[in-house]
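*Asks:* Quick one: the structure is below, and I'll ask about it shortly.
The values are calculated or read from the model by the stated rules, or taken from the named source; none is laboratory data. What you are looking at is a predicted structure, and each value in this text was computed from that prediction instead of being measured. For neighbour counting, all protein chains shown are included, and Cβ atoms are generated from backbone atoms with ideal geometry for every residue, glycine included.
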Amino acid sequence: MNLNRETMKKLMLLIAFTILLLVGVQRLDAVFGALRFLWGIGFPFALGGAIAFILNVPMTALENWLFPEKRTRKSSLQRKLARPLSMVIAILLVLGVISLVIFVVVPELGTTVVGLGASVEAFLPRAQEWLEEIFRNNDQVVTWIEGLEMNWEKAVETAWNFFRSGAGSVLSSTMTVARTIISAVTNFFIGFVFACYVLLQKEKLGEQCRKLLKAVFPKKQVDYILHVCFLSHRTFSSFITGQCMEAVILGAMFFVAMSLLRFPYALLVGVLVAFTALIPIFGAFIGCVVGAFLILMVNPAQALGFIVLFQVLQQIEGNLIYPRVVGNSVGLPAIWVLVAVTVGGNLMGILGMLIFIPIVSVVYALLREWMYGRLEKKKELSS
């Protein structure tokens with residue numbers, strides 16, 4: 001083997017990497033501690049990047065809609081104000097949605113929770129009579145049903161004592177809670193400011209990243225990295241836009257249909273369905289179960305009607321609205337959507353369900369490109 005300078009350099013790097021790998025395997029606790037420390041430092045900026053990515057979707061749409069001629073007017077005041085105004089309007093829109101949830105849905109939810117106790121207490125005797133009527137020919141079951149007693153006030157008191165004792169153990173240290181709250185607020189503020197800087201200078205930052213990649217990697221690798229970044233950005237943006245639009249449309253459909261049919265909790269269930277619709281596959285069933293339970297406490301017949309209504313609206317949404325609104329933007333077969341939701345939910349909960357579909361979609365697209373490229377090369381070689 002010719003041990004020239006380049007070969008010796010590669011061997012030294014390989015030896016150094018092997019030593020680091022062996023030390024890391026032997027001291028995994030120190031490695032994980034260092035990773036947690038680095039993540040704690042970089043978390044505000046990662047949060048800011050996520051906020052910037054989400055806000056960039058409505059901001060770009062507003063910028064193209066309100067200022068369509070800004071690119072042709074390089075020195076005009078319109079070009080200078082287009083980005084800041086679009087960003088402020090996008091932030092106000094997001095704050096408006098949050099305010100709607102806080103000032104409209106939360107009071108409705110509080111009223112529902114307060115009245116739920118009375119609804120359950122009134123429902124149990126009716127359910128008991130209904131069960132006795134069904135099993136009237138079975139004396140043992142009837143005797144067991146008649147012996148059932150439900151003291152709702154005692155149940156609420158027990159639940160409150162459990163929550164209070166649990167909260168007391170968790171909140172035993174006031175300083176710890178205050179420090180956690182201050183840290184969360186600080187991280188969010190730093191992340192938000194960082195997101196604003198990223199949004200205002202995204203073209204400049206993108207150009208700097210491209211120059212850095214060109215300075216470090218060969219041209220072929222740079223082109224592939226940029227291709228992956230473009231594919232990821234397009235997939236995530238399309239997924240976020242499509243899912244939000246689909247959730248708003250579905251929630252509005254439930255609110256209007258339930259209001260016309262005089263179902264209770266129309267606003268609450270509509271907003272609940274809209275939020276749970278953001279969770280692919282499983283979100284709709286969560287909204288159905290919770291909505292049916294709330295209505296069941298008021299009117300069991302209407303709860304059955306709500307399930308029928310849910311199935312009808314789900315078919316309309318799945319066959320007509322979703323293909324037109326979201327379409328094939330994610331480009332992932334149904335079986336891999338199920339895999340992405342399951343794996344993401346197990347790893348990161350609801351957040352994992354949301355982000356793993358576009359991640360798996362990007363991996364699927366890259367793997368498909370690589371596979372077809374290999375098949376094409378083999379076909380050329382065989383011919």
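*Asks:* Exactly one of these conditions fails for residue 227: (1) at pLDDT below 85; (2) surrounded by fewer than 19 Cβ atoms within 10 Å (Cβ to Cβ); (3) not polar (S, T, N, Q). Give me its number.
*Replies:* Result: residue 227 passes all but (1).
*Asks:* Confirm whether residue 256 is among the hydrophobic types (A, V, I, L, M, F, W, C) and modelled with pLDDT of 80 or more. If you could, list the steps in order and put the result at the bottom.
*Replies:* Values: among the hydrophobic types (A, V, I, L, M, F, W, C): yes; modelled with pLDDT of 80 or more: yes.
So residue 256 fits the description; yes.
*Asks:* Oh, and also: For residue 100, state whether it is farther than 21 Å from residue 185 by Cβ and at pLDDT below 85. Talk me through it step by step, then tell me what you get.
*Replies:* Working: farther than 21 Å from residue 185 by Cβ: yes; at pLDDT below 85: yes.
Answer is yes for this residue.
*Asks:* For segment 13-48, what are the residues that are in contact with a helix residue (DSSP H, G or I) (Cβ under 7 Å, 6 or more places away or on another chain) and under 30 Å from residue 237 (Cα atoms)?
*Replies:* Of segment 13-48, the ones in contact with a helix residue (DSSP H, G or I) (Cβ under 7 Å, 6 or more places away or on another chain) are 24, 31, 43-45, 47-48.
Across segment 13-48, the qualifying residues are 43, 44, 45, 47, 48.
*Asks:* Scanning for something assigned to a helix (DSSP H, G or I), at pLDDT below 90, of a type in the set (D, E, K, R) and closer than 25 Å to residue 41 by Cα, does segment 156-166 turn up at least one residue?
*Replies:* As a first pass, look at segment 156-166 and keep what is assigned to a helix (DSSP H, G or I): 156-166.
If we keep only those that are at pLDDT below 90 as well, we get 156-166.
If we keep only those that are of a type in the set (D, E, K, R) as well, we get 157, 164.
Going one step further and asking which of them are closer than 25 Å to residue 41 by Cα, we end up with none.
Taking every residue of segment 156-166 in turn, none turns out to be assigned to a helix (DSSP H, G or I), at pLDDT below 90, of a type in the set (D, E, K, R) and closer than 25 Å to residue 41 by Cα.
*Asks:* Is it the case that some residue within segment 295-317 is at pLDDT 75 or above, crowded, with 20+ Cβ neighbours inside 10 Å and farther than 15 Å from residue 253 by Cβ?
*Replies:* The answer is yes; a qualifying residue exists.
*Asks:* How about segment 191-224: which of its residues are buried (at least 16 other Cβ atoms within 10 Å of the Cβ) and over 17 Å from residue 48 (Cα atoms)?
*Replies:* Passing the criteria: 213, 222.
*Asks:* To continue, here is another question. In the list 247, 257, 266, which residue meets the criterion of being under 30 Å from residue 50 (Cβ atoms), touching a helix residue (DSSP H, G or I) at 6+ places or on another chain (Cβ under 9 Å) and surrounded by 15 or more Cβ atoms within 10 Å (Cβ to Cβ)? Show your work before the answer.
*Replies:* Details: 257 fails: under 30 Å from residue 50 (Cβ atoms); 266 fails: under 30 Å from residue 50 (Cβ atoms).
Step by step, each of 247, 257, 266 is checked, and only 247 is under 30 Å from residue 50 (Cβ atoms), touching a helix residue (DSSP H, G or I) at 6+ places or on another chain (Cβ under 9 Å) and surrounded by 15 or more Cβ atoms within 10 Å (Cβ to Cβ).
*Asks:* For segment 1-35, name all the residues that are exposed (fewer than 10 other Cβ atoms within 10 Å of the Cβ) and closer than 30 Å to residue 187 by Cα.
*Replies:* Listed by number, the residues that qualify are 28, 29.
*Asks:* In the set 249, 225, 181, which member is in a helix (DSSP H, G or I), in contact (Cβ under 8 Å) with a residue 60 or more places away in the chain and more than 22 Å from residue 87 (Cβ to Cβ)?
*Replies:* Numbers: 225 fails: in contact (Cβ under 8 Å) with a residue 60 or more places away in the chain; 181 fails: in contact (Cβ under 8 Å) with a residue 60 or more places away in the chain.
Only one candidate qualifies: 249.
*Asks:* Counting just the residues of segment 56-83 that are in a loop (DSSP other than H, G, I, E, B) and basic (Lys, Arg), which one comes out modelled with the highest pLDDT? Before the answer, list the steps.
*Replies:* Keep residues of segment 56-83 that are in a loop (DSSP other than H, G, I, E, B), which gives 67-76.
Then keep just the ones that are basic (Lys, Arg); that gives 70-71, 73-74.
Values: 70: 59, 71: 56, 73: 54, 74: 53.
So the residue we want is 70.
*Asks:* Looking at 289, 271, which one is touching a Leu at 6+ places or on another chain (Cβ under 9 Å) and in a helix (DSSP H, G or I)?
*Replies:* Working: 289 fails: touching a Leu at 6+ places or on another chain (Cβ under 9 Å).
Just one listed residue meets the conditions, 271.
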